[in-house]
Amino acid sequence: MSYESRVIYEPARIHAAAIYCSDGRVGEHFDDFLQNGLELPRYDRLALPGGPACLAGPTEAHIEEQGVIDELNFLVDVHKLERVVLIAHQGCAFYGTRLDLPAAFTEHQQMVDLIKASRFIQRITTIRQVDAYMLRLNENKVRFEEVKLT
């Protein structure tokens, strides 16, 4: 099989990356928000279960943390990243399964983790602009809400 994309290749970098969950049910929503809501076309992607949760220090995600640190440092050096967008999402299985957190406590922990991950990124890289968002579900609608990191 062969397939030729209709999307024209644009070589210019925008110096931004997003870290979010690999849950395929919301992948298109992440792209829509980042490309249209935040006007970040061609952003670099780091998608993994739980997204930025691994950067908040849970021991259950130590291996993932090391991988994301390596990737972030590579992207800072080679792609000259200046901005990172962190996104958590409602109903994330990583929190209930990997972290064994009851559903009633998940959102609070996600907010705490976004703050911790932001501070961690700023501590280990030269990136100073870190933004965080929470994806919320309302029936078949998806809404992104900014999370204050200060």
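The values are calculated or read from the model by the stated rules, or taken from the named source; none is laboratory data. Since the model is a prediction, treat every value here as computed from it, not as a measurement. Here Cβ is always computed from backbone atoms with ideal geometry, including for glycine, and neighbour counts include all displayed protein chains.
At a glance:
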| item | result |
| --- | --- |
| So THR106, is it of a type in the set (S, T, N, Q) and either assigned to a loop (DSSP other than H, G, I, E, B) or in contact with a Cys (Cβ under 6 Å, 6 or more places away or on another chain) (or both) | no |
| Residue tally, condition surrounded by 22 or more Cβ atoms within 10 Å (Cβ to Cβ) and part of a helix (DSSP H, G or I), over region 109-141 | 6 |
| Top-ranked residue of region 34-46 - restricted to ones that are over 12 Å from the mean Cα position of the chain (by Cα) and either of a type outside the set (D, E, K, R) or not in a loop (DSSP other than H, G, I, E, B) (or both), ranked as surrounded by the most Cβ atoms within 10 Å (Cβ to Cβ) | LEU40 |
| Unmet criterion (only one of (1) surrounded by 11 or more Cβ atoms within 10 Å (Cβ to Cβ); (2) not in a helix (DSSP H, G or I)) for VAL7 | (1) |
| Region 94-107 residues that are at negative phi and of a type in the set (D, E, K, R), paired with ones that are surrounded by 14 or more Cβ atoms within 10 Å (Cβ to Cβ) and part of a loop (DSSP other than H, G, I, E, B) (beta carbon under 9 Å, 6 or more apart) | ARG98/PRO49; ARG98/GLY50; ARG98/PRO58; GLU107/GLN90 |
| Residue count for region 47-90, restricted to those that are on the phi > 0 side of the Ramachandran plot and buried (at least 16 other Cβ atoms within 10 Å of the Cβ) | 2 |
| Where a residue in region 36-55 is among the aromatic types (Phe, Trp, Tyr) and its partner, wherever it lies, is at pLDDT 95 or above and not in a strand (DSSP E or B), with Cβ under 8 Å and at least six apart | TYR43/ILE14; TYR43/LEU34; TYR43/GLN35 |
| Residues within region 18-35 that are in contact (Cβ under 8 Å) with a residue 24 or more places away in the chain and either of a type outside the set (Ser, Thr, Tyr) or within 18 Å of GLU145 (Cβ to Cβ) (or both), tallied | 10 |
| Qualifying residue in region 132-146 (condition: closer than 23 Å to ASP77 by Cα and either touching a strand residue (DSSP E or B) at 6+ places or on another chain (Cβ under 9 Å) or modelled with pLDDT of 95 or more (or both)) | yes |
